[in-house]
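FYI, it's all coordinate maths here, none of it is from the lab. Nothing here was measured: the structure is a model prediction, and the numbers come from that model. Note that we place each Cβ from the backbone using ideal geometry, even for glycine, and neighbour counts take in every protein chain shown.
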Amino acid sequence: MVQHPPIFSYSATFNYTYARNRIDFIDEAANIPSYQQRTGHPIGQFFGYISEGLYQDQQEIDNHPKIPGVEPKLGQIKYKDINKDGVIDALDITSIGKSETPQNIFGLNLSGEFKGFDLSMLWQGASGYNVMRNGESFTGFTYGGSALTYVLNNWTPDNPKATFPRLSLEDYSYKQDPSSFWLHNAGYLRLKNIELGYTFPKKIFRNTSISRLRIYVAATNALTFSKEKDFDPESASGYPYYYPVTRLTSVGINFSF
């Protein structure tokens, strides 16, 4: 009895890692406000000011607490007065967002074959974490270079719902400090690898020295789904000194003799 190979075959493997940590004890001064304590938070917890958006009119500037000695301008970040003392200073720094360490890391590997066609995909992703952008991420123009594209959506009186503060070469007092304004949700799902191929039937090469011929098209970093649109979601916090993710597409032929 002749056994024929199955017309369709497939495989799927999935991996998932859940990681969570908490600081149960750290030697902190007894007089630190509870909202500034590291105890009880995960390692790498971000601390900074809480952003309440951007100043939209002079009335907001006049009625809102300020950094001592610094008069904010329209379109700059407005910080929350946590301790209600009427000024914005180090006592208004509190825990913000999540740790930089992902709580969830996952991957999915799929493959299948059907009548000579084969398809394989590798998906990977992470969630449950934040990254903090700073330095060149918020200065707009750096070292005489041009601005990145997200800076185009900067605040102006005609663009009050902007996602970037007013453009300036000098105004850093309400921009450079760590705050929830620069805290990004970097969770992502990425199609890391995908390959589609076709293996020609052996009977085609019956009278040749070729025993197998396969053609394929493959791509690396083909798709990325993330709320982090301006930087690679896998990049760490800080300055955006990272080589852009390269999307590579290739076409090939495999011979066997």
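Some values worked out for this structure:
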{"item": "For q = 0.17, 0.22, 0.33, 0.35 Å⁻¹, Debye-computed log10 I/I(0) when each Cα of segment 9-48 counts as one equal scatterer", "result": "-0.57, -0.79, -1.22, -1.27"}
{"item": "Cα-centred dipole magnitude for the chain, charges only on beta-carbon of K, R (+1) and D, E (-1), debye, nearest 20", "result": "1880 debye"}
{"item": "Alpha carbon convex hull of segment 58-195, volume per residue in cubic angstrom", "result": "166 Å³"}
{"item": "Sequence of ASP89, ASP81, ASP24 once ranked by neighbouring C-beta atoms within 10 Å, starting from the fewest", "result": "ASP24, ASP89, ASP81"}
{"item": "Size-normalised alpha-carbon gyration radius of segment 74-119, reference 2.2 N^0.38 Å", "result": "2.63"}
{"item": "Segment 45-82 and segment 192-256: distance between their alpha carbon centers, rounded to Å", "result": "48 Å"}
{"item": "Extended-chain gain in nm, criterion 0.36 nm per residue less alpha-carbon gap, GLU60 and ILE7", "result": "12.2 nm"}
{"item": "Helical contribution to [θ] at 222 nm, DSSP H n ≥ 4, -39,500 (n - 2.57), averaged over the chain, rounded to 500", "result": "-500 deg cm²/dmol"}
{"item": "Shape category assigned to segment 15-88 from the gyration tensor of Cα positions, a/c cut at 1.5", "result": "oblate"}
{"item": "GNM flexibility winner over the chain from TYR55, TYR198, TYR174 (Cα, springs under 10 Å)", "result": "TYR198"}
{"item": "Ellipsoid semi-axes in whole angstrom, largest first, where each is sqrt(5λ) of the Cα gyration tensor of segment 162-212", "result": "62, 13, 8"}
{"item": "The chain: most fluctuating residue of PRO42, PRO201, PRO157 per GNM, C-alpha cutoff 10 Å", "result": "PRO201"}
{"item": "All-pairs Cα distance distribution in the chain, expressed in whole percent, bin size 5 Å", "result": "1, 5, 9, 11, 12, 11, 10, 8, 7, 5, 5, 4, 3, 3, 2, 1, 1, 0, 0"}
{"item": "Inter-site label distance for TYR16 and SER168 at 7 Å from Cα along Cβ, in nm", "result": "4.7 nm"}
{"item": "Alpha-carbon Debye profile of segment 143-257, log10 I(q)/I(0) at 0.13, 0.16, 0.18, 0.23 Å⁻¹", "result": "-0.72, -0.92, -1.06, -1.34"}
{"item": "Sparse-neighbour loop sites [trypsin sites (Lys or Arg not before Pro); segment 70-102; at most 12 other C-beta within 10 Å; DSSP]", "result": "LYS84"}
{"item": "HN-Hα J in Hz across segment 91-98 - Karplus 6.51, -1.76, 1.60, θ = phi - 60°, x for Gly and Pro", "result": "6, 9, 7, 8, 5, 9, x, 10"}
